[in-house]
Amino acid sequence: MVCYSIPNDVRPGLIRDHSLQRQAEMDKKKQQTNMKNKEHFRSHRAVELERREEGLSSALSNNNKGFALMQKMGYKPGSGIGKSGSGRVEPVTIALKTDRQGIGRETALRRLAVEKAAIRQRQRQRREQEFTVENFRAHRSQKHLEIQTAKDLRSCQRVCEGLDKCQGYDEPAEPWFWLTREKEDDDDDHDDKVEGQDEKTRTADESGEGDDEEEEEEEEIEFQPSEKLDMLSNYLRQTYCYCVWCGTQYDDDKDMRDNCPGPTRDDH
C-alpha cells in the first residue's frame with residue numbers, strides 16, 4: 001500500500017488565521033484611503049493653480065471699477081499707458097514665491113556666488129604669476145647657487161685655518177675666516193655685547209645720566225656668504241697664492257697667473 005502525503009495549500013494571499021486576515025484587510029483599506037487623500041490633495045492644488053493662471057491671464061472686464069476709471073481717463077484697451085501711448089502694454093507679471101527662502105536671499109546668494117568666483121579667479125591668476133616656469137627655474141637656480149656658495153665658503157675657511165696655523169697664527173684675520181672659530185667668536189661677541197649692555201645699564205642707573213654717557217658703538221655689518229667668499233678667496237690668493245677652485249697652492253703670483261683661469265668659480 002502506497003501512502004501519499006498531501007501538501008499544505010500555501011497559495012499566496014490565502015490566510016487561514018482570522019486575526020491575520022482582518023489585519024491584512026485593515027492595512028489594505030488604510031492604503032487605499034491614503035492614496036485617495038493624496039489624489040484629492042493633488043487635484044485640489046492643481047485646481048488652485050489652474051484658477052490662478054486663468055485669473056492672471058484674463059483681462060479686466062468693463063465691470064471692473066478700476067478699469068472703468070482708466071477708460072474715463074483716456075485709456076484704450078490694447079494701447080500703451082501714458083499720454084503718448086508708448087508705455088507698458090501688458091501688466092507687470094506676478095511671480096509667486098513658492099520656496100521657503102527669505103525675501104532677497106536668492107539675489108544675495110547669486111551675488112555671493114559671483115564674488116566667490118571672482119576671488120577664485122584672482123587667486124588662480126596670482127598663483128600662476130608666482131609659479132611660472134621661469135620663476136620656478138630662477139628660484140631653483142638661486143637656491144643651487146646659495147648652496148654651492150656655502151660649500152665653497154666652508155672649503156675656504158678650512159684651507160685658511162690650515163695655512164694660517166702653518167704660518168704660526170693663533171687667531172684668524174677675521175672671525176669668520178676660520179670654520180672652527182666662526183661660531184665660537186659669534187657666541188663670544190654676543191656674550192660681550194650682553195655683558196656690555198648690562199654694565200652700561202648699571203652705570204646709567206647709578207649715575208642717573210643715562211644715554212648722555214653711553215658711547216656709540218661701531219655698527220657691525222653682516223656680510224652675505226657670497227661677499228665672505230669673495231673676500232676670503234682673495235685673501236688666500238694674495239697671501240698664500242692658493243686657489244680654492246683649482247685646489248692648488250702655486251709657487252708665486254706669476255705661476256698662479258699663468259696656470260689659474262681666474263679668481264671665481266665661473267672662471268673655472
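The values are calculated or read from the model by the stated rules, or taken from the named source; none is laboratory data. It should be emphasised that the depicted structure is a prediction, and the values quoted were computed from it without experimental measurement. Glycine gets a Cβ as well: all are built from the backbone with ideal geometry, and neighbour counts include every protein chain shown.
Out of curiosity, is Asp192 farther than 22 Å from Lys151 by Cβ and at pLDDT below 90?
Taking the combined requirement at face value, the residue satisfies it.
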Exercise. Can you pull out the residues in region 126-155 that are of a type in the set (A, V, I, L, M) and closer than 17 Å to Phe223 by Cα?
Worked result: Leu145, Ile147, Ala150, Leu153
Seminar exercise, completed: Only one of (1) part of a helix (DSSP H, G or I); (2) among the aliphatic types (A, V, I, L, M); (3) under 18 Å from Thr93 (Cβ atoms) does not apply to Leu60, and that is (1)
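Of the residues that make up region 82-90, is at least one surrounded by 10 or more Cβ atoms within 10 Å (Cβ to Cβ), modelled with pLDDT of 80 or more and either more than 30 Å from Pro263 (Cβ to Cβ) or in contact with a Phe, Trp or Tyr (Cβ under 9 Å, 6 or more places away or on another chain) (or both)?
Residues of region 82-90 surrounded by 10 or more Cβ atoms within 10 Å (Cβ to Cβ): 82, 85-87, 89.
Okay, now just the ones that are also modelled with pLDDT of 80 or more, so none.
The answer is no; no qualifying residue exists.
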For this session: Inspect region 105-126 for any residue being of a type in the set (S, T, N, Q), at pLDDT below 85, part of a helix (DSSP H, G or I) and within 30 Å of Glu227 (Cβ to Cβ) and give the result as yes or no.
Result: no
